1. So how do Thr48, Thr57 line up by other beta-carbon neighbours within 10 Å, fewest first?
2. Set the Förster distance to 25 Å, then compute FRET efficiency between Arg49 and Lys24 from the Cβ-Cβ distance, nearest 0.05.
3. If the elastic network links every pair of Cα atoms under 10 Å, which of Gln47, Gln55, Gln18 fluctuates the most in the Gaussian network model of the chain?
4. Please name whichever of Gln37, Leu52, Leu77 sits farthest to the positive end of the charge dipole of the chain, dipole taken about the Cα centre and charges placed at Cβ: Lys and Arg +1, Asp and Glu -1.
5. Connecting C-alpha atoms closer than 10 Å in a GNM of the chain, tell me which of Asp23, Asp74, Asp14 has the biggest fluctuation.
6. Over region 1-45, what per residue volume does the convex hull of the Cα atoms give, in whole Å³?
7. With θ set to phi - 60° and the Karplus curve 6.51 cos²θ - 1.76 cosθ + 1.60, what are the ³J(HN,Hα) couplings of region 42-47 in order, to the nearest whole Hz, using x for Gly and Pro?
8. Can you give the FRET efficiency for Ile6 and Thr64, using 1/(1 + (r/R0)^6), R0 = 22 Å, r = Cβ-Cβ distance, to the nearest 0.05?
Amino acid sequence: MIIDQIVTLRVMLDEMEQDIGLDKLSPPEKSIYLAAQAAKSKDGLVQTRDILEHQLTRQISRPTFFRCLKAILDHGLLKHSDRKKRGEFKVL
């Protein structure tokens with residue numbers, strides 16, 4: 001049955017997230033970090049607007065987005081780009 005496969009996939013995903021520490025992030029933080037990973041360039045840089053426009057983050061309000069972005073920076077998963085002061089991050 002399809003629901004059994006969904007449950008199996010969800011359990012596997014939860015275990016994988018625990019393995020790399022994503023379980024410590026709130027749901028919107030996790031969505032923002034995953035969007036950054038998906039949108040990053042080959043050199044690991046991502047623009048704020050690209051994260052904001054990603055499918056995983058479109059439903060997150062701007063205040064929540066920027067509050068969560070700061071939390072992700074504090075967790076050390078992103079850092080400010082050396083090229084720009086604002087609007088660009090290095091995905092770690």
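Every number in this text was worked out from the coordinates using simple rules, so none of it is lab data. Source: prediction; values computed, not measured. No Cβ is skipped: glycine too gets one built from the backbone with ideal geometry, and neighbour counts run over all protein chains shown.
1. Values: Thr48 16, Thr57 22.
Least to most surrounded, the residues fall as Thr48, Thr57.
2. Details: r = 26 Å, r/R0 = 1.06.
After rounding, the FRET efficiency stands at 0.40.
3. Result: Gln18 has the largest fluctuation of those listed.
4. Leu52
5. Among Asp23, Asp74, Asp14, the largest mean-square fluctuation in the Gaussian network model of the chain belongs to Asp14.
6. Details: hull volume 4.4 nm³, N = 45.
Hull volume over Cα atoms, normalised by residue count, gives 98 Å³.
7. So the Karplus estimates, Gly and Pro as x, are 4, 8, x, 9, 9, 8 Hz.
8. Numbers: r = 27 Å, r/R0 = 1.23.
Efficiency computed from Cβ-Cβ geometry: 0.20.
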